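Accompanying notes for the structure given below.
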Amino acid sequence: LLQLGGAVFQFRTAANSGLLPASMVIPLLGVTMKERCKAAGIVYFERFGIVVASTGMLVALFLSVIAVGITKPVPTNTCILTGVAGSIIIYTMKHSLTVSEVIEVLEVLLIFVYLSMILLYLLPRCFTPGEALLVLGGVSFVLNQLIKRSLNVVEGRGEPIDFFLLVAVIGVILLGLFFTVLFIFMDSGTWISSMFFHMMTAVLGLGVIMPWLYRLIQRNPLFWLLQFLFQTQTRVYLLVFWTFLAASACGIVFYQNAKRSSESKKHQASTITRKYFHFIVVATYVPGLIYDRQLLYVAAVLCLAVFIFLEYIRYFRIKPFGQTLRHLLSLFLDERDSGPLILTHIYLLLGMSLPVWLFPRSCAPKGSLSGAGALVPYAGVLAVGVGDTIASVFGSTMGEIKWPGTKKTFEGTMTAIFAQIIAVALILIFDSNVNLNSSYAWILASVSLVSLLEAYTTQIDNLLLPLYLQIMFMA
C-alpha cells in the first residue's frame, strides 16, 4: 500500500505539524509527577512518573519519524529535533528504569504504533501529527494501564473511579473499532444496521464492559454508580443543576439551527456563538471543583462516553438520530473539523477534564497541593473556559494589533491574561481549599506563557493549553 501511495496518512492541512509543543507534554507531565510524588514519598507513582516521561519521549521519536517519512505535506523540521532530543534523554534515563519498566514502556509504544497505523488510516484529516501524539498516546497509556491492572487485580492500586475512567474510555474506543470493521460489510444507514448497532452495543456493554469493571472494582458497577451519584444531597443538587445546563446547551443548538433555516442565505455559527458552550462548561465545572471533585470526575467520564457514542451515531448515520445529528452539528463546524469526525466538542470536554483526571491525589498532602499547584484542577477552566474564550471574543470584536505571523491579536491575549487573573482571585474567594502561599508571580508567568501559546499555536488549543497550564502549576 505504501508503494502504491494508498496508505499515506493524511493529516489536517490547515495547521502545522504541532509536534514540538505536543511531544513535550507527556514527558513534562511525567517529570512533574515524579518530582511531586518524590516529595510526598509515594514511590509507586514516582516510578510511574519516570515511566510516563520515558514513554512520552519514545512515542514522540516514533511519530517524528512517521511524520517526516510518509506524510504529505512534510511537517517542519522541529519534529526531527524533537526525536533526536527524545532519544538522547531516553539514553540518559536508561539506568533509572528497571526491566519491568522498560517492558511497560515498550508495551505502550507497541500499542501506540498499532493505533496510529489503524486510526490515522481510517480517519484522514482528523488530526495533525501533534494532536495524534496527544490523543493516541493518551489512549495507549490508558489501554496499557487497564491491561496491567486487569492482570493484577489483587495488587490493583487506585480508587473505583480510576478504574471507571479506564474501562469507559477503552470500552467506547473498542466499540468504535468493532463497528468500523462491521460497517465495511454492511450499509450503516439502514434500519436493520441501526437495530444491529443498538443490539450489539447492549451486548458488548452488558456482556464485556460491565463484567470487566466488576472484576476490577469487585462490586456491581451499576449499583456502585447509582450509590455514588446520589450519596449526598450536594450531589443531587449538582446533578439537577448540570441537567439544566445540558438542556440550555441543547436549546442553543436548536435555536441556532432554527435561525439558519429561517434565513435565505447560508447561516454559520459565529465564533462568539460557539463560545457560549465555553461559558456553559465553566458554569458546569466550577461548582463541581468547589463542592465535589469526585462527582465531577465521574460525571466527566460519563459525558465523554456519551459524546463519543453520539459521534458514532452521527458518523455511521445510525437511524433514527444519525442524520439529524449531522444536520444540527454541521452549523458549528470550523476549519479544524476537516475530517470525517467532529471532535472539537470532545476536545473541549477533554481539555476541561484532563486536569481533574490527572490531578495527583495520592501525591498531594491532605488531597490538595499548596502554592500554584492548588490551581491544578482549575487549569482547564482558566486556560480554555476563561482565557481562550475571552481571547476569541475580544480579539474578534475589538482586536486590531496582530501578533507577527498569526491571526490572533495583542488585545485578545492581554484581555485573556487579565480575565484569568480575575478568575484566580474569584477562586481564592469561593474555594477555601486553595492556598497559593504567595506564589502570585509564578501564576502570572504561567498564565501569560500559556496565553502566548494560544496566540501562536494552530493546534486544538482546547486540548493543549490546559495540559501546559497544569504542568506550569505543578512545576
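What the table below lists for this structure:
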item: For residue 409, distant residues with modelled amide H under 5 Å away; result: 403
item: Full-stretch length increase - residue 333, residue 107 - with 0.36 nm per residue and alpha-carbon distance subtracted; result: 77.7 nm
item: Loop-located trypsin sites (Lys or Arg not before Pro) in the range 381-411 whose Cβ has at most 12 other Cβ within 10 Å (DSSP); result: 407
item: Separation between Cα centres of the range 158-212 and the range 230-249, rounded to whole Å; result: 27
item: Potential extension, residue 237-residue 410 segment - 0.36 nm per residue separation minus Cα distance; result: 58.2 nm
item: Positive minus negative residues near residue 380 (Lys, Arg vs Asp, Glu; Cβ under 12 Å); result: -2
item: Summed side-chain charge close to residue 284 - residues other than residue 284 whose Cβ falls under 15 Å, Lys, Arg +1, Asp, Glu -1; result: +2
item: Ranked by how many other beta carbons lie within 10 Å on average, peptides 137-146, 317-326 from highest; result: 137-146, 317-326
item: Among 414-421, 237-244, the order from most to least packed when residues are scored by Cβ within 10 Å on average; result: 414-421, 237-244
item: Set 34/408; 34/148; 38/408; 34/407; 38/148 screened for pairs whose C-alpha atoms are more than 29 Å apart; result: 34/408; 38/408; 34/407
item: Accessible carbon and sulfur surface of the range 370-474 relative to its total accessible area, %, 1.4 Å; result: 70
item: Accessible area per residue in Å² at 1.4 Å probe, computed on the range 370-474; result: 40
item: Global form of the range 95-184, assessed from the alpha-carbon gyration tensor, a/c cut-off 1.5; result: oblate
item: Cα convex hull of the range 160-208 - mean projected area over all directions, nm²; result: 3.6
item: Contour excess over end-to-end distance, with Cα ends at residue 309 and residue 227 and 0.36 nm allotted per residue; result: 27.1 nm
item: Area of residue 200 that stays accessible when all protein chains are in place (1.4 Å probe, Å², to 10); result: 40
item: Point-to-point label distance, residue 114-residue 247, nm (Cα→Cβ direction, 7 Å offset); result: 4.5
item: Local electrostatic count at residue 46 - Lys and Arg +1, Asp and Glu -1, tallied over other residues with Cβ under 10 Å; result: +3
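The values are calculated or read from the model by the stated rules, or taken from the named source; none is laboratory data. Just so it is clear, the structure is predicted and the values come from calculations on it, not from any experiment. Glycine gets a Cβ as well: all are built from the backbone with ideal geometry, and neighbour counts include every protein chain shown. SASA here: full protein model, heavy atoms, side chains in, ligands and nucleic acids out. Shrake-Rupley method; radii C 1.70, N 1.55, O 1.52, S 1.80 Å.
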